[in-house]
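To start, the structure under review is shown below, and the notes come after it.
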Amino acid sequence: MRTTIWVLLLLALSYQPLFSQQEMTYAERLGFPAGKKVVIFHVDDAGMSFESNEGAIKSIKEGVATSCSIMMPCPWAASFVKKALDEPMDAGLHLTLTSEWKHYRWPPVAGKAAVPGLVDEEGALWASVEEVIANATPDEVEIEIRAQIDRALSLGLNPTHMDSHMGTLFYHGPFLERYIKVGMEYGIPVMFPGGNNKLLGLSMNNNMIKRLKKEGKYKEGMELPSNALMDKAPMIGKQIWAAGLPVLDDLHTISGNWSPDHEVDDEGLGAYKVEKCKELLTAMEPGLAMVIVHSNGDRKTFDRISGSGKSRYADMLAMTSPELQKFIEKEGIVLTTWAEVMERRKKIK
């Protein structure tokens, strides 16, 4: 079976679709009205902690968030799956190959014996993307991806999509190939931005400038290096579409970096993030975009895990803000889910 799927993937990668990337957006190909901005507000990191679950649920049930993804290796994953089954929501898998916090860590679902290259000296997944790339093989990555999917299926969840925690699967070509391959085999949409990528480009440039400034290498107005993924994204998007899966036109990833230039309290940061959401929705081009946030509920316990507790709580406040909801309605922005875009993709020959 795996050999057959791999052959199909190679065929898909060599297939050239009949449409031109410039002719219409993926949103239009999925049947959304021409010129519309279609958005999936997506909460990452469900299952990481009780507070992560609380923030994801509240953002979806009471706010504008429409989707979320679960970290299956984490302690609160099974609890979130049960909630998602009791109160159906658009829930996918946040494929997790790293364990980044110093005092709160998790091992691979497949176990150390099956994927030794994914495990550090503490018996947990590596803390950084760089360490995963340096130590793990594509075969081990595929084994762990499958283990995380199979755990979700055994709990009764049919994932609406898959994406990548910390973007690990997008930083190494052989890992990305396995991600797409497995998504094809299971028929699960894989998050991939293959369209105009305006917001993604802004996000990546923002992160690059931040890194260069930290290293003392940034000069105002300097030309930034080209990004290999951005260069190949349109081609890869066409390949995924040809395989029968939906594709995003754009992706926004940096809400965690949003911070005003002066100190504000939790509510003030939430209000600031509402304004930033309005800015990105105004800046995005028509098409299907996924906007990633990391919503948390009460941050008292999470602050013991990470310094990002305040930002995550502010994400939840932004997602549940009546002001943001009114802005979306006023601008005629269409909110959708991964389940809906996959159903639309199935109807297209």
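The values are calculated or read from the model by the stated rules, or taken from the named source; none is laboratory data. Remember, predicted model here, so these are calculated numbers, not experimental data. Note that we place each Cβ from the backbone using ideal geometry, even for glycine, and neighbour counts take in every protein chain shown. Areas reflect the complete protein model, heavy atoms only, side chains present, ligands, DNA and RNA absent. Shrake-Rupley method; radii C 1.70, N 1.55, O 1.52, S 1.80 Å.
Going through the stretch 62-105 one residue at a time, which ones are assigned to a loop (DSSP other than H, G, I, E, B), free of Cβ contacts under 8 Å to residues at least 60 places away in the same chain and farther than 13 Å from H165 by Cβ?
Of all residues in the stretch 62-105, those assigned to a loop (DSSP other than H, G, I, E, B) come to 62-66, 71-76, 87-90, 96-105.
Now narrow it down to the ones that are free of Cβ contacts under 8 Å to residues at least 60 places away in the same chain: 74-76, 87-89, 99, 102, 105.
The answer is P75, W76, E87, P88, M89, K102, R105.
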- Message: Can you pull out every residue in the stretch 286-310 that is open to solvent by 20 Å² or more (accessible area, probe 1.4 Å) and either outside any loop (DSSP other than H, G, I, E, B) or not charged (D, E, K, R) (or both)?
- Response: P286, H294, T301, D303, R304, I305, G307, S308, K310
- Task: Considering only the stretch 145-160, state which residues are of a type outside the set (A, V, I, L, M) and in contact with a helix residue (DSSP H, G or I) (Cβ under 6 Å, 6 or more places away or on another chain).
- Result: G156, P159, T160
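What is the residue count in the stretch 106-146 for residues that are in a helix (DSSP H, G or I) and farther than 21 Å from H172 by Cα?
Just the residues of the stretch 106-146 that are in a helix (DSSP H, G or I), to begin with: 116-118, 129-135, 138-146.
Applying the additional criterion that residues be farther than 21 Å from H172 by Cα yields none.
So the count comes out to 0.
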- Message: When you scan the stretch 161-172, do you find a residue that is over 26 Å from H252 (Cβ atoms), touching a helix residue (DSSP H, G or I) at 6+ places or on another chain (Cβ under 9 Å) and open to solvent by 20 Å² or more (accessible area, probe 1.4 Å), even just one?
- Response: no
- Message: If I ask for residues that are surrounded by fewer than 24 Cβ atoms within 10 Å (Cβ to Cβ), more than 29 Å from G111 (Cβ to Cβ) and aliphatic (A, V, I, L, M), which ones from the stretch 43-87 would you list?
- Response: I57, V64
- Note on the structure: Scanning the stretch 1-36 for residues that are modelled with pLDDT of 95 or more and either outside any loop (DSSP other than H, G, I, E, B) or closer than 30 Å to K82 by Cβ (or both) gives Y26, A27, E28, R29
- List the pairs whose first member sits in the stretch 248-261 and is surrounded by fewer than 23 Cβ atoms within 10 Å (Cβ to Cβ), whose second member is among the β-branched types (V, I, T), and whose Cβ atoms are under 7 Å apart, counting only residues at least 6 apart or on separate chains? T253/I292
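Look at A113 and say whether it is among the aliphatic types (A, V, I, L, M) and either surrounded by fewer than 22 Cβ atoms within 10 Å (Cβ to Cβ) or under 28 Å from G63 (Cα atoms) (or both). First the steps, then the outcome.
Values: among the aliphatic types (A, V, I, L, M): yes; either surrounded by fewer than 22 Cβ atoms within 10 Å (Cβ to Cβ) or under 28 Å from G63 (Cα atoms) (or both): yes.
Yes: the conditions hold for A113.
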- Message: Looking only at the stretch 117-163, count every residue that is charged (D, E, K, R) and closer than 17 Å to C74 by Cβ and tell me the total.
- Response: 6
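Do we have A318 as open to solvent by less than 40 Å² (accessible area, probe 1.4 Å), out of contact with any Asp or Glu (no Cβ under 8 Å at 6 or more places or on another chain), closer than 19 Å to A56 by Cα and assigned to a helix (DSSP H, G or I) here? Quick ask: steps written out before the conclusion?
Values: open to solvent by less than 40 Å² (accessible area, probe 1.4 Å): yes; out of contact with any Asp or Glu (no Cβ under 8 Å at 6 or more places or on another chain): yes; closer than 19 Å to A56 by Cα: yes; assigned to a helix (DSSP H, G or I): yes.
When the stated conditions are applied, A318 passes them.
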- Task: Scan the stretch 256-271 and give yes if some residue there is modelled with pLDDT under 95 and among the hydrophobic types (A, V, I, L, M, F, W, C), otherwise no.
- Result: yes
- Note on the structure: Within the stretch 122-151, the residues that are surrounded by 20 or more Cβ atoms within 10 Å (Cβ to Cβ), out of contact with any Pro (no Cβ under 9 Å at 6 or more places or on another chain) and over 22 Å from K181 (Cα atoms) are W126
- Message: Among the residues in the stretch 80-93, are any farther than 22 Å from I188 by Cα and aromatic (F, W, Y)?
- Response: no
- Message: For the stretch 321-349, which positions are in a helix (DSSP H, G or I) and surrounded by fewer than 18 Cβ atoms within 10 Å (Cβ to Cβ)?
- Response: P322, E323, Q325, K326, E329, K330, E331, E343, R344, K346
- Looking at this structure, is V39 among the β-branched types (V, I, T), within 14 Å of the chain's Cα centre (by Cα) and either assigned to a helix (DSSP H, G or I) or over 17 Å from A91 (Cβ atoms) (or both)? yes
- Task: Return a yes/no flag: does the stretch 182-192 have any residue that is open to solvent by 10 Å² or more (accessible area, probe 1.4 Å), touching a residue at least 60 places away in the same chain (Cβ under 8 Å) and over 16 Å from the mean Cα position of the chain (by Cα).
- Result: yes
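Answer with yes or no whether L157 is assigned to a loop (DSSP other than H, G, I, E, B) and not small (G, A, S). Working first, answer last.
Details: assigned to a loop (DSSP other than H, G, I, E, B): yes; not small (G, A, S): yes.
In short, yes.
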